[in-house]
Every structure is written in structure tokens, then in C-alpha cells.
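The values are calculated or read from the model by the stated rules, or taken from the named source; none is laboratory data. Here the structure is a predicted model, which means the values were calculated and not measured. Neighbour counts are summed over all protein chains in view; Cβ atoms, including those assigned to glycine, are modelled from backbone coordinates with ideal geometry.
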Amino acid sequence: MGILLDHKKTIIAGFVLLAIILGIALGTGATMPSIFDFSRYFHVLAGIVWIGLLYYFNFVQVPSLGSVTPETKADIFKEDNIVRRALFWFRWGAMFTLIFGLMLYDNLGGHGGDASWDIRIGVLFGIIMWFNVWFIIWPNQKKVIGIDEATADEKAAAGKTALMASRINTLLSIPMLFLMFASAHFQIFG
């Protein structure tokens, strides 16, 4: 079971298993999923990574780090440690969620076409959240975790700024997720 001991091999094995399942389905006469179907799948998969880490940061990491020593924080923030890895997956989860989401939106006729208001509001919230990740949270977190040079006061200010943007994302994620999933099943707005 060496596959399960390495997260990269586990991810690759998951996609291989998916390919096998799709191959079997196609062999029995199933229709090949469309690019739209794959866009939706990768949008949801990336979104799970992104929002899962957003909730991890807000519900687990931030409350836990408030009670640790500065030495422990320094150790946690070191290169190739938990915080840096989580931030890597967090920001790239956001990027791929946006890319695949915009592909879906375009396919739904989002540019003045058939996209419903609930999906449009969800897209707007998603874009705001993506912007917060890449242009507010990440630049400030680089100061906090020591990638970019900063004084103790600058790190504290950067941490507060990143936290507020992260909390805004948490707030927006609740209606955004509902609107995105609701749009596939029923329309809130006509």
C-alpha cells in the first residue's frame, strides 16, 4: 500500500481509478462526459480544496495559533511546513476553482445569456473571494510567515489584514455555496 503513504501517489491513483471507471462505463455504452461535465467536476473538486482550507484556517488553525508560543509559530511557519503547504493548496485551489468556474459560467451563457441570477451572484462572490486570496491574503501571509521581510509590527498588521479578508471570504462562502448548488436544482431568483 505504498500508494497511500505518499499524498501525490494517492492523488494520481484516484485519477487512475476515475479513468478506469470511465473506461468501463464507456465500454458498456455510456456517453463520454462533455468538456462541460469535466469543467463542473474540476470546479467542484478545486472548490472543495479551496473552501475546505478556508474553513480549516478559520475554524482550526487561527484559533489554535492564538495559544502557541512564538517559537512554535516560527517552527510552524518554516519552509515546507504545514502553514506554507496549506497556503499553497489554498491559493491554487482558489485559482483552479475560478478558472473552471468561469468555463462553466461561459458554457451556461453567463455573459448576458441563460445564467440565472443566483449563479451570477455566486460567481460575483467567488471572484471577490479569489481576489481576496491572491491580492490580500497571500501577500500579507508572506509577511506573517517570513517569506517577505517585515518587522514585528508589520507582521502583526499583515496578519490582521489577512484575517479580515479570510473572514470576509468565510462570510461570503456561505451564501455563495448555497447559490452555486441551488442553481443546479432550483432557481431562487427568476
Out of all the residues in region 93-126, which are at negative phi, small (Gly, Ala, Ser) and surrounded by fewer than 17 Cβ atoms within 10 Å (Cβ to Cβ)? Gly113
Any hit, region 127-143, residues being within 20 Å of the chain's Cα centre (by Cα), closer than 17 Å to Leu65 by Cβ and exposed (fewer than 15 other Cβ atoms within 10 Å of the Cβ): no
How many residues of region 37-90 are modelled with pLDDT under 90 and within 10 Å of the chain's Cα centre (by Cα)? The answer is 0
Top-ranked residue of region 152-183 - restricted to ones that are within 15 Å of Gly52 (Cβ to Cβ) and surrounded by fewer than 19 Cβ atoms within 10 Å (Cβ to Cβ), ranked as modelled with the lowest pLDDT: Leu177
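Show me the helices (runs of 4 or more DSSP H) entirely contained within region 1-111 in which 3 or more residues are closer than 29 Å to Lys142 by Cβ, of a type in the set (D, E, K, R) and assigned by TED's automatic domain parsing to the domain that holds Val144. Can you show your working first?
Numbers: elements: 7-27, 35-56, 62-65, 70-76, 82-107.
Correct list: 70-76, 82-107.
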Pairs where the first residue, in region 76-92, is under 16 Å from Leu54 (Cβ atoms) and the second is among the aromatic types (Phe, Trp, Tyr), C-beta under 6 Å, 6+ apart: Val83/Phe77; Arg91/Trp138
